[in-house]
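Asker: Shown below is the structure under consideration.
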């Protein structure tokens, strides 16, 4: 059966297209790669206990073998099978946030393959809330297996939030490295899960390794202390490199007060820019006395962190197709509610440092 298909994401498990789920679970058990939706982004999944299948993930993405994967578990999965020395804080966070967009870094059980952890003695675990993901995890090995699943895109590129994004990256199955794509609609959250290190509680306490939808403040409400920022000895985790989540077109982050003037300078030089903003276009124009309506590619983003995150990766992918010289992004607010979004944008723009200046200076 071809499981390159859509699965209903509304309602309870009775609405899921179970033949597609069963086919996908069998593919995983046979060592194949299956792309599937989660509430954060689409994941590229493989059996977390099959080193050969894990090697396919690294090869398909072009991912360094020392860059660990996150293991996705079914609701109610036996945590002790995957991790040892699980602290009480982990159980409280699981009770509060699983299923949901929170990954916990714990000490890895010795029988779990090194490959899933990038050779480290820790492991990242999470339980996604998307109904298609839950159905797949409950079906795969009768809910007792784990599916290692980084984002379903080439390493360092913009993460996918729709099945079409996955097809754009890897092709339509059976062509390409992905054997099956489960289509569950657009991911609700839109940016990757929060990653919290609990593997060094005795020496470091909780450490926030990647910000996301679940904030440090919400974590502190559950465990009674604010997580620390990453230190040099922290475990390696997904999305922690300086450059990540990047489109092929250079990206520049700018305050609202500079955007209209930069657009005008680029227009004078005959260079087109794509624009992602959340302030109203008239307000941007008024801030510098220059028009923004003539920008050939422009996306107005929601002005809430939840709405912005949901739309972010789709916007970056769309603007990457605009054949512009650069993507200008209005810098979002800097308050803690926008921490995860600012983290993704900073990494998306990291390798583009100096690109805007070079364009404007080429006279």
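Listed here are the residues, each with its yes/no results for (1) part of a helix (DSSP H, G or I); (2) in contact with a strand residue (DSSP E or B) (Cβ under 8 Å, 6 or more places away or on another chain); (3) in the same structural domain as residue 309 (by TED's automatic domain parsing); (4) without any contact (Cβ under 8 Å) to a residue 12 or more places away in the chain.
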{"position": "53", "(1), (2), (3), (4)": "yes, yes, no, no"}
{"position": "64", "(1), (2), (3), (4)": "no, no, no, no"}
{"position": "71", "(1), (2), (3), (4)": "no, yes, no, no"}
{"position": "77", "(1), (2), (3), (4)": "no, yes, no, no"}
{"position": "86", "(1), (2), (3), (4)": "no, yes, no, no"}
{"position": "103", "(1), (2), (3), (4)": "no, yes, no, no"}
{"position": "107", "(1), (2), (3), (4)": "no, yes, no, no"}
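Asker: Return yes when residue 235 is in a loop (DSSP other than H, G, I, E, B), crowded, with 21+ Cβ neighbours inside 10 Å and either more than 19 Å from the chain's Cα centre (by Cα) or in the same structural domain as residue 123 (by TED's automatic domain parsing) (or both) and no when it is not. Talk me through it step by step, then tell me what you get.
Answerer: Working: in a loop (DSSP other than H, G, I, E, B): yes; crowded, with 21+ Cβ neighbours inside 10 Å: yes; either more than 19 Å from the chain's Cα centre (by Cα) or in the same structural domain as residue 123 (by TED's automatic domain parsing) (or both): no.
Against the criterion (in a loop (DSSP other than H, G, I, E, B), crowded, with 21+ Cβ neighbours inside 10 Å and either more than 19 Å from the chain's Cα centre (by Cα) or in the same structural domain as residue 123 (by TED's automatic domain parsing) (or both)), residue 235 does not qualify.
Asker: Between a first residue in segment 288-302 that is at negative phi and a second residue that is modelled with pLDDT under 75, which pairs have beta carbons less than 6 Å apart while being 6 or more apart in sequence or on different chains?
Answerer: 291/285; 292/281; 292/284; 292/285
Asker: Can you tell me how many residues within segment 156-188 are touching a helix residue (DSSP H, G or I) at 6+ places or on another chain (Cβ under 8 Å) and at pLDDT below 95?
Answerer: Selection size over segment 156-188: 1.
Asker: While we're on this one: Could you check how many residues of segment 27-52 are buried (at least 24 other Cβ atoms within 10 Å of the Cβ) and within 13 Å of residue 180 (Cβ to Cβ)? Outline the logic, then answer.
Answerer: Of segment 27-52, the ones buried (at least 24 other Cβ atoms within 10 Å of the Cβ) are 28, 33-38, 40-48.
Cutting the leftovers down to within 13 Å of residue 180 (Cβ to Cβ) gives us 28, 33-37, 42-46.
The qualifying residues number 11.
Asker: Looking at 93, 73, 69 in this structure, which one is at pLDDT 95 or above, under 18 Å from residue 178 (Cα atoms) and surrounded by 22 or more Cβ atoms within 10 Å (Cβ to Cβ)?
Answerer: 69
Asker: Related question: Mind counting the residues in segment 254-276 that are in contact (Cβ under 8 Å) with a residue 40 or more places away in the chain and assigned to a loop (DSSP other than H, G, I, E, B)?
Answerer: Looking only at that region, the number is 4.
Asker: Can I ask one more? From the list 218, 228, which residue is more than 17 Å from the chain's Cα centre (by Cα) and in the same structural domain as residue 121 (by TED's automatic domain parsing)?
Answerer: 218
Asker: Do we have any residue at all in segment 318-339 that's without any contact (Cβ under 8 Å) to a residue 60 or more places away in the chain, assigned to a helix (DSSP H, G or I) and touching a strand residue (DSSP E or B) at 6+ places or on another chain (Cβ under 7 Å)? If you could, list the steps in order and put the result at the bottom.
Answerer: From segment 318-339, those without any contact (Cβ under 8 Å) to a residue 60 or more places away in the chain are 318, 321, 323, 332-335, 338; that's our starting set.
Filter once more, keeping what is assigned to a helix (DSSP H, G or I): 318, 338.
Pick out the ones that are also touching a strand residue (DSSP E or B) at 6+ places or on another chain (Cβ under 7 Å) and you get 318.
Yes - at least one qualifying residue is present in segment 318-339.
Asker: Follow-up question, since we're still on this one. Does segment 68-89 include one or more residues that are under 21 Å from the mean Cα position of the chain (by Cα) and closer than 15 Å to residue 201 by Cα?
Answerer: No, segment 68-89 contains no residue that is under 21 Å from the mean Cα position of the chain (by Cα) and closer than 15 Å to residue 201 by Cα.
The values are calculated or read from the model by the stated rules, or taken from the named source; none is laboratory data. Computed from a predicted structure; not experimentally measured. All Cβ positions, glycine included, derive from the backbone under ideal geometry; neighbour counts span all protein chains shown.
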